[in-house]
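Just below is one structure, and these are the notes that go with it.
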Amino acid sequence: MLPVLLMVPAALAQAPAPLPVVEAKDLPRAPRGPMVPHRPDPGGEGSIIGETRRGARRGPSIPALQLPAGSVRVQDKIPDLAGWRAYAIEVPAGAKVKVHVVEGRKAWFRVLGVNAWGREEPGLLQNRIPTGEPQASYENPTKETRTIYFIVDTLDVNMVGEPYTLDVIRG
């Protein structure tokens with residue numbers, strides 16, 4: 001019994017430190033956002049609200065918030081009827097980043113990783129199979145720092161104000 005009790009504090013000492021928490025309202029706006037990705041809208045139903053959502057998603061780009069350096073936990077909510085929020089992140093050469101919705105109604109969200117043109121590029125991994133774990137990651141294969149955008153998208157038409165928590169893990 002005693003050896004087991006001695007091992008518990010060692011296991012607790014090796015637990016990863018909690019991520020610093022940032023409110024999205026405190027994040028600065030990114031200089032630009034990604035172009036609207038050419039993907040079907042999962043919440044674009046045939047109702048008047050669905051038509052309004054499709055109209056809100058038309059536009060040249062999505063406004064983005066700039067994520068800070070280092071790993072962080074972001075607390076946010078869906079800002080408007082378009083049903084998505086974009087985050088810009090600088091990824092150095094050879095570095096990795098994973099973005100994962102960890103709290104909220106996770107099964108009602110998806111995370112898309114795109115470049116400035118709203119398209120996938122080498123290094124971006126998407127969670128295309130709906131598992132209820134909305135996440136995407138990027139590993140920079142180039143020799144220069146790249147700006148990548150992660151879009152938290154909703155799968156239902158009326159999720160304005162829906163809160164969620166996003167973990168941004170740099171590796």
Report summary line: To the nearest 0.05, the calculated FRET efficiency linking A95 and R29 through their beta-carbon distance, R0 being 22 Å, is 0.40
Query raised in the report: Full extension from E162 to E139: what is 0.36 nm times the residue separation minus their Cα-Cα distance, to one decimal in nm?
Result: 5.3 nm
Query raised in the report: Given H placed on each backbone N at 1.01 Å, which residues far from G123 in sequence or on other chains put an amide H within less than 5 Å of it?
Result: none
Query raised in the report: Which aspartates and glutamates, on any chain, are close to K143 with Cα under 20 Å apart, when same-chain ones fewer than 8 places away are left out?
Result: E90, E120, E121
Report summary line: For the chain, dividing by residue count, accessible area per residue (probe 1.4 Å) in Å² works out to 56 Å²
**Report entry** Solvent-accessible area of R146 with every protein chain in place, 1.4 Å probe, in Å² to the nearest 10
**Finding:** 60 Å²
Query raised in the report: On the accessible surface of the chain, probed at 1.4 Å, how many percent belong to carbon and sulfur atoms?
Result: 61 percent
Report summary line: Taking 0.36 nm per residue of separation between R39 and D80 and subtracting their Cα-Cα distance, the length gained on full extension comes to 12.9 nm
Query raised in the report: So for the pair E103, R170, with labels modelled 7 Å out along Cα→Cβ, what separation do we get in nm?
Result: 2.3 nm
Report task. Round to the nearest 10 and give me the degree value, 0 to 90, for the angle of helix 48-57's Cα axis relative to the longest principal axis of the chain. Result -> 70 degrees
**Report entry** Inter-site label distance for S47 and Q66 at 7 Å from Cα along Cβ, in nm
**Finding:** 3.9 nm
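Can you give the calculated 222 nm mean residue ellipticity of the chain, where each DSSP H run of n ≥ 4 adds -39,500 (n - 2.57) and the sum is split over every residue, rounded to the nearest 500 deg cm²/dmol? Don't skip to the answer; put the middle values down first.
Numbers: 2 runs with 22 residues, N = 171.
Mean residue ellipticity at 222 nm (helix-derived): -4000 deg cm²/dmol.
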Query - Normalised contact order of the chain, rounded percent, pairs of Cα under 8 Å and 6 or more residues apart - result: 29 percent
Report summary line: Rounded to a whole number, the Stokes-Einstein D of region 33-171 in µm²/s (Kirkwood radius over Cα pairs; 25 °C; 0.890 mPa s) is 163 µm²/s
Report summary line: The rounded separation in angstrom of the Cα centers of region 59-79 and region 119-152 is 14 Å
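The values are calculated or read from the model by the stated rules, or taken from the named source; none is laboratory data. Treat the numbers as computed from the prediction; the structure is a model and nothing was measured. Note: ideal-geometry Cβ built from the backbone for every residue, glycine included; neighbour counts use all protein chains shown. Ligands, DNA and RNA are excluded from the accessible area calculation, which covers all protein heavy atoms including side chains. Shrake-Rupley method; radii C 1.70, N 1.55, O 1.52, S 1.80 Å.
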